[in-house]
1. Quick check: residue separation of residue 103 and residue 145 times 0.36 nm, minus the Cα distance between them. What number comes out in nm?
2. Take every Cα pair under 8 Å in the chain that's 6+ residues apart, average their separations, divide by the length, and report that relative contact order as a whole percent.
3. Once R0 is set to 35 Å, what does the formula 1/(1 + (r/R0)^6) return for the Cβ-Cβ distance between residue 29 and residue 1, expressed as a FRET efficiency to the nearest 0.05?
4. Provide 73, 92 in ascending order of the number of other Cβ atoms located within 10 Å of each residue's Cβ, fewest first.
5. Rounded, prolate or oblate: which one fits region 36-82, using the alpha carbon gyration tensor with axes a ≥ b ≥ c (rounded when a/c is under 1.5, else prolate when a/b beats b/c, else oblate)?
6. Put a dot 7 Å past each Cα toward the Cβ at residue 22 and residue 168; how far apart are the dots in nm?
7. Counting C-alpha atoms alone, how compact is region 1-127: give Rg to one decimal and Dmax as a whole number, in angstrom.
8. Quick check on the chain: helices-only [θ] at 222 nm, where DSSP H runs of length 4 and up contribute -39,500 (n - 2.57) each and the sum goes over total residues. Nearest 500, please.
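Read-outs throughout are calculated quantities, based only on the coordinates presented, and are distinct from any laboratory measurement. Only a predicted model underlies this, so the values are computations on that prediction, with no experimental measurement involved. Don't worry about glycine lacking a Cβ; one is built from the backbone with ideal geometry, like all the others, and counts go over all protein chains shown.
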């Protein structure tokens, strides 16, 4: 599949490449980076390589996955953003992760808006969910900035997660919703 790329004022969202695994590994192994994830310790490089490969393949099988997010000014990998199919619940989740030194600058929200827009406008998804550990207030604030609504705390990935949702009609009504792609 030809994976679409997008640019925001500060970011470039592009398909992952196999060679992104090394920089993504550096990001994921920073202290407390995965504090709220099911496996909070940094994964070995081989696991990150597999994650990157799975995202590349998911574009072909599902028509969506995560993008590599890089800084436009430097081209340096900053993290990921995009849509992930959850086969156990048959839902689509918007997910994101940004390099720790870039936290607090609104970059996660900037990138995640692209993922929501793509899911609603391009894919016609009727609903998109987002998940965060209940104590991960920063991630939950991103979900709220995206116009998502808290639904409940429920189990995903073997742990309690705060579940947020947005459906296509709520997205269309949202002040955050940009118009379709030109």
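1. Working: separation 42, 0.36 × 42 = 15.12 nm, distance 1.52 nm.
The span from residue 103 to residue 145 would gain 13.6 nm if fully extended.
2. Details: 297 pairs, mean separation 29.9, N = 182.
Across the chain, relative contact order equals 16 percent.
3. On the way: r = 30 Å, r/R0 = 0.86.
In this case the efficiency is close to 0.70.
4. Values: 73 9, 92 20.
Going from least to most buried by this count: 73, 92.
5. Cα axes put region 36-82 in the oblate bin.
6. 4.3 nm
7. 13.9, 39
8. Numbers: 5 runs with 53 residues, N = 182.
Rounded to the nearest 500, the figure is -8500 deg cm²/dmol.
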